[in-house]
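Take a look at the structure below.
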Amino acid sequence: MTAGHNRPYAPDDEVHVSDAHAIAVHSREVGSASKGLNADIDSELEQSAGIQSMPLADARERQVILRAMAIAYSVSRCTALLAALLLSASGLWWAAIAVALAVVIPGMVAKRYARKRGVDLYWQSGVARNETSVLGLALGTLVIMAVSGLIAFDAIYGHPLLAWSWHLDLSNSDGSAISIFVGAFIGGTIGWILRRRRYRAKLQATAEQSTNAESG
């Protein structure tokens with residue numbers, strides 16, 4: 001048995017996906033995807049995520065991009081959980097529920113997207129392994145205990161654990177808030193123009209390199 005068989009998950013430096021394999025996988029995905037409105041929705045979701053067209057990335061770089069996005073989603077779940085607990089401790093239960101839904105709904109969309117392409121995102125990924133591990137049980141128990149403790153604290157003492165008294169008052173801003181938004185809009189527009197020019201320059205440079213490689 002080789003070292004690769006002993007490791008269920010290979011690190012990034014062991015990920016080698018050929019262009020032919022990537023094209024075959026993409027063809028299977030397109031062929032198994034539904035048509036009509038659902039296909040248009042999936043296409044818009046892919047475009048908003050930046051994975052519909054990646055002309056500057058080769059097959060291995062695409063794999064790294066998808067892995068990085070999956071890691072970012074996992075981190076966002078942990079961050080949202082901490083934010084929901086903080087809001088719950090402040091007595092803002094409606095805001096905590098909104099934050100929880102903001103994480104649950106994207107997960108449902110991701111599972112639906114994968115299921116339409118013949119992949120069970122829960123069982124065929126490492127999510128099931130994490131949630132059925134002893135650590136997953138311990139984390140779930142801690143979350144339940146934390147929420148129950150916050151509810152009990154509010155019921156016993158008549159106020160939430162964290163009683164915030166400060167807020168942002170813009171009634172006497174004298175137009176400074178509007179100036180901030182206008183400045184942010186102008187700065188964002190300039191940044192968008194600069195990024196667009198750099199992206200087009202990189203596309204042109206990549207096309208020239210490909211042409212030179214084929215002619216050489």
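Below is a table of values for the structure above.
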| read-out | value |
| --- | --- |
| Whole-Hz couplings from phi, Karplus 6.51/-1.76/1.60, listed for region 43-49; x for Gly and Pro | 5, 5, 5, 5, 5, 5, 7 |
| For region 121-133, 3J(HN,Hα) per residue [Karplus equation, 6.51 cos²θ - 1.76 cosθ + 1.60, θ = phi - 60°, Hz, x = Gly/Pro] | 4, 7, 7, 8, 9, x, 5, 4, 4, 5, 6, 9, 7 |
| Inter-site label distance for Leu101 and Leu162 at 7 Å from Cα along Cβ, in nm | 2.2 |
| Burial ordering of Tyr122, Tyr157, fewest other beta-carbon atoms within 10 Å first | Tyr157, Tyr122 |
| Burial ranking of peptide ranges 136-144, 183-191 (average Cβ count within 10 Å, highest at the top) | 136-144, 183-191 |
| Per-residue HN-Hα couplings for region 150-159 [Karplus 6.51, -1.76, 1.60; θ = phi - 60°; Hz; x = Gly/Pro] | 5, 5, 5, 4, 5, 5, 7, 9, x, 8 |
| Region 180-216-region 52-114 distance, computed between alpha-carbon centres (Å) | 27 |
| Computed lengthening from Ser76 to Tyr199, 0.36 nm per intervening residue step minus Cα-Cα distance | 41.6 nm |
| At R0 = 22 Å, FRET efficiency that the Cβ-Cβ distance of Val119 and Asp58 yields, to 0.05 | 0.45 |
| Cβ-based exposure ranking for Trp94, Trp166, in which fewest neighbours within 10 Å come first | Trp166, Trp94 |
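Every number in this text was worked out from the coordinates using simple rules, so none of it is lab data. Source: prediction; values computed, not measured. Ideal geometry is used to build each Cβ from the backbone, glycine not excepted, and the neighbour counts take in all protein chains shown.
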